[in-house]
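Everything below concerns the one structure shown next.
The values are calculated or read from the model by the stated rules, or taken from the named source; none is laboratory data. For clarity, every value in this text was computed on a predicted model and none was experimentally measured. Neighbour counts are summed over all protein chains in view; Cβ atoms, including those assigned to glycine, are modelled from backbone coordinates with ideal geometry.
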Amino acid sequence: MKRRSIRIPNLGNARAHILHRPHPTVQALTRQLTAIGLVVNQSWPELGAEALAADYIFFDADMGHDAMFPWEAGQPPVPMVALIGSEAPGRIEWSLKAGAHAQLLKPVGDSGAYSALIIARNAFDAQKALSAEIADLKRRLEDRQTVVRAVTLLAARGKTEADAYAQLRQMAMAWRISFEDAATRIVAAQGAGKDADDRPRRG
Amino acid sequence: MRTSSSGPQQGFYVCGTTILRGQGVKRRIELGLLYSRSGSYSLISEACRTGALAAIAMVNADPALDVTFLPVERDPGGNIDAYGPLCEDIIRTTGARHVVGCVTSWSRKEVIPTVEKFGGTLWYAVPYEGFEASDHVVYTHACPNQHLLPLLDWVMPAHGCRAYLIGSNYIWGWEMNRLARERITTAGGEVTGERYLPIGSHEVGRMIEELRFTRPDFILNSLIGASSYEFLAAYRALGAEDAHFRPETCPVLSCNLTECELPALGPSAEGLVAAGPYFRGVTGWPGAGQFGSSHEAAAYSAVRELARLLSHREGAEGLPLSHLLAGDTGAGIVDPETHHTVLPVIIARVKDGAFQPIKQLGAVAGDPYLSRGRMAPVAPMLRVVS
């Protein structure tokens with residue numbers, strides 16, 4: 001598969017939310033994020049409604065639990081950075097289940113936030129792109145049977161299987177839809193007792 | 001404004017304080033200087049050191065300030081691995097908590113863990129590639145929205161959008177060229193080649209050969225020291241052979257070349273275009289235009305600002321930078337969020353051995369992460385600098 005190109009986002013006025021109790025780590029992280037140009041909010045122990053507008057979430061991996069996030073576990077709508085103090089296997093496991101895309105070790109000092117933002121954004125985008133691609137592939141896999149039926153229907157009009165397959169591909173291109181959608185249309189038309197070609201063309 | 005003397009210029013020491021004749025008691029504060037006096041980029045180090053020492057002399061003689069600076073010098077000799085240990089030596093074995101120093105970004109990044117660990121502050125007076133805002137560093141020279149971006153904005157309409165990018169093989173060259181490539185391709189331009197040389201290398205032949213074949217509209221030069229001198233001499237020879245490679249048609253651009261390196265370049269510098277906050281004779285920042293170069297001016301500006309921050313604040317010399325800035329009641333030059341400064345942006349061309357400004361853009365606030373809307377104009381600097 002072709003490698004996705006890496007995008008360095010402009011972080012000016014991006015919103016970061018820190019889910020952590022008041023602590024020098026929050027101060028140090030806020031300083032770094034503000035210097036980079038982000039607008040920073042902090043809350044504890046709950047994320048709060050304003051966090052839904054955040055572009056990045058930093059969360060405490062030491063004290064965190066699933067109920068802190070107002071979404072299905074592991075399905076964050078934005079990039080998440082785990083703030084890890086105790087590198088205990090159970091806490092790392094929970095951070096990963098919560099959907100961490102990057103991590104920063106506590107105590108947070110003078111640096112680390114910028115690379116965490118960029119890496120989290122990239123991992124989040126990659127995950128989203130892969131999920132979409134997998135969903136599409138799954139659907140196409142499910143449509144395999146429909147494709148076989150459509151090719152068989154077209155071949156029944158006296159074509160070879162290879163020609164029927166080529167015709168289906170041409171129909172998909174003419175209708176500007178996917179191969180699988182074209183097959184579904186052929187099969188549906190057959191079921192309705194008419195020729196799929198009778199449908200009005202788009203565009 | 002060229003002085004090599006150091007230490008208090010007038011008066012005498014009494015138990016850690018200096019009595020200035022006819023004045024009150026001045027606190028004597030040690031100030032670290034960490035510049036390489038030999039090695040590939042020593043001309044830049046010497047310019048910065050000259051500016052710092054000039055400011056120290058001026059601070060020490062200034063009756064309005066209740067501090068004198070006693071320079072504590074360490075010389076890494078251009079050896080990258082000596083910076084961290086020598087900075088630690090200054091902070092641990094002397095009273096100095098502030099260090100003015102470093103030329104390359106590589107050395108700055110070596111020193112940052114040390115100042116962070118020991119609560120020190122580095123004052124960095126050299127243009128750099130941005131994307132940094134340490135809590136323990138003040139950046140008094142320009143970052144890309146104050147040098148590279150205005151320079152590209154000038155060159156592309158004037159000469160075209162096909163660029164050849166060169167640099168020394170470390171973070172300055174890499175990041176400058178990454179940003180340049182991004183801006184040039186976004187503007188619909190093209191990068192005809194990108195080459196790097198190890199610091200100190202003279203192997204510029206391949207670059208010249210590639211230029212001969214790709215014939216770009218301009219060259220962005222982020223080489224430093226001897227490599228840069230070698231390249232510019234070879235490029236001048238290429239221009240003598242092929243008229244396309246003359247400054248009028250295919251200029252060489254630089255974001256770190258100042259007057260301090262012109263003696264090493266001689267006629268090779270003719271026609272070179274540079275961006276910087278100061279060129280010799282330009283008034284406004286950080287004084288009356290008496291500095292030899294912007295390197296000198298930026299180091300001077302750093303020491304003057306530190307003196308202002310410490311003056312009439314007993315014990316402030318031991319504070320970490322964040323506290324020092326937070327307690328400042330005056331009009332400081334250091335942005336408390338980014339630790340960068342507001343600087344004029346000037347584009348100048350070398351003519352007859354001196355830089356002549358061709359475009360002046362006024363004062364621009366340093367925007368290290370390019371996140372604050374670059375080129376946002378700021379109010380003119382009104383602070384009077386003696």
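List of remarks:
- Boolean, B:Ala226 is surrounded by fewer than 19 Cβ atoms within 10 Å (Cβ to Cβ), of a type in the set (A, V, I, L, M) and part of a helix (DSSP H, G or I): yes
- Going through (1) away from chain A (no Cβ under 14 Å); (2) modelled with pLDDT of 95 or more; (3) not in a loop (DSSP other than H, G, I, E, B) one by one, B:Gly362 falls short only on (2).
Quick grid of which residues meet (1) at pLDDT 95 or above; (2) of a type outside the set (A, V, I, L, M):
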| residue | (1), (2) |
| --- | --- |
| B:Val155 | yes, no |
| B:His159 | yes, yes |
| B:Arg162 | yes, yes |
| B:Gly189 | yes, yes |
| B:Thr192 | yes, yes |
| B:Gly225 | no, yes |
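- Residue among A:Ala132, A:Ala100 that alone is assigned to a helix (DSSP H, G or I) and more than 14 Å from chain B (Cβ to nearest Cβ): A:Ala132
- B:Ala307 falls short on exactly one of the conditions (1) more than 14 Å from chain A (Cβ to nearest Cβ); (2) touching a helix residue (DSSP H, G or I) at 6+ places or on another chain (Cβ under 7 Å); (3) over 23 Å from B:Val103 (Cβ atoms), and that condition is (3).
- Residue satisfying all of: in the range B:130-181; within 13 Å of chain A (Cβ to nearest Cβ), assigned to a strand (DSSP E or B) and aliphatic (A, V, I, L, M); nearest to B:Pro344 (Cα to Cα) among these: B:Val138
- Test: residue in the range B:281-288 that is buried (at least 19 other Cβ atoms within 10 Å of the Cβ) and either among the aliphatic types (A, V, I, L, M) or at pLDDT 95 or above (or both): yes
- Counting residues in the range A:69-89 that are acidic (Asp, Glu), free of Cβ contacts under 8 Å to residues at least 24 places away in the same chain and assigned by TED's automatic domain parsing to the domain that holds A:Gln27 gives one or more.
- Being within 14 Å of chain B (Cβ to nearest Cβ), at pLDDT 95 or above and within 30 Å of B:Gly366 (Cα to Cα) is true of A:Ser115.
- Every residue from the range B:116-129 that is more than 13 Å from chain A (Cβ to nearest Cβ) and not β-branched (Val, Ile, Thr): B:Trp123, B:Tyr124, B:Ala125, B:Pro127, B:Tyr128, B:Glu129
- Count of the range A:1-23 residues which are more than 18 Å from B:Ala133 (Cβ to Cβ) and either assigned to a loop (DSSP other than H, G, I, E, B) or out of contact with any strand residue (DSSP E or B) (no Cβ under 9 Å at 6 or more places or on another chain) (or both): 11
- Here B:Val384 fulfils each of the conditions (1) at pLDDT 95 or above; (2) under 25 Å from B:Asn60 (Cα atoms) apart from (1).
- Matching residues in the range A:156-165 - criterion: being surrounded by 14 or more Cβ atoms within 10 Å (Cβ to Cβ) and of a type in the set (A, V, I, L, M): A:Ala164
- Screening the candidates A:Leu83, A:Leu47 for the property of being part of a strand (DSSP E or B), hydrophobic (A, V, I, L, M, F, W, C) and in contact with a Phe, Trp or Tyr (Cβ under 7 Å, 6 or more places away or on another chain) yields one hit, A:Leu83.
- Criterion: on the phi > 0 side of the Ramachandran plot, hydrophobic (A, V, I, L, M, F, W, C) and touching a residue at least 60 places away in the same chain (Cβ under 8 Å) - qualifying residue of B:Phe131, B:Phe218: B:Phe131
- Residue within the range B:243-265 that is assigned by TED's automatic domain parsing to the domain that holds B:Arg349, free of Cβ contacts under 8 Å to residues at least 12 places away in the same chain and among the hydroxyl-bearing types (Ser, Thr, Tyr) present: no
- The single condition among (1) in contact (Cβ under 8 Å) with a residue 24 or more places away in the chain; (2) touching a Ser or Thr at 6+ places or on another chain (Cβ under 6 Å) that B:Gly289 does not meet is (1).
- Qualifying residues in the range B:105-148 (those that are among the polar types (S, T, N, Q) and closer than 23 Å to B:Ile56 by Cα) - the one nearest to the chain's Cα centre (by Cα): B:Thr140
- Here the condition is being assigned by TED's automatic domain parsing to the domain that holds B:Leu70 and at pLDDT 95 or above; of B:Asp335, B:Asp352, it holds for B:Asp335 alone.
- Residue that is farthest from the other protein chains (Cβ to nearest Cβ), among those in the range B:322-350 that are hydrophobic (A, V, I, L, M, F, W, C) and more than 18 Å from the chain's Cα centre (by Cα): B:Val350
- Consider the range B:73-112 and keep the residues that are part of a loop (DSSP other than H, G, I, E, B) and among the charged types (D, E, K, R). The one that is nearest to B:Pro127 (Cα to Cα) is B:Asp75.
- Boolean, A:Gln42 is polar (S, T, N, Q), within 11 Å of chain B (Cβ to nearest Cβ), more than 17 Å from A:Pro77 (Cβ to Cβ) and in contact with a helix residue (DSSP H, G or I) (Cβ under 6 Å, 6 or more places away or on another chain): no
- Out of A:Ala14, A:Ala28, A:Ala54, A:Ala35, one residue alone is away from chain B (no Cβ under 14 Å) and either among the aromatic types (Phe, Trp, Tyr) or on the phi < 0 side of the Ramachandran plot (or both). It is A:Ala54.
- Going through (1) under 15 Å from the mean Cα position of the chain (by Cα); (2) within 25 Å of B:Phe118 (Cβ to Cβ) one by one, A:Lys128 falls short only on (2).
- On inspection, B:Tyr170 fails the criterion of being among the hydroxyl-bearing types (Ser, Thr, Tyr), farther than 24 Å from B:Pro357 by Cα and buried (at least 24 other Cβ atoms within 10 Å of the Cβ).
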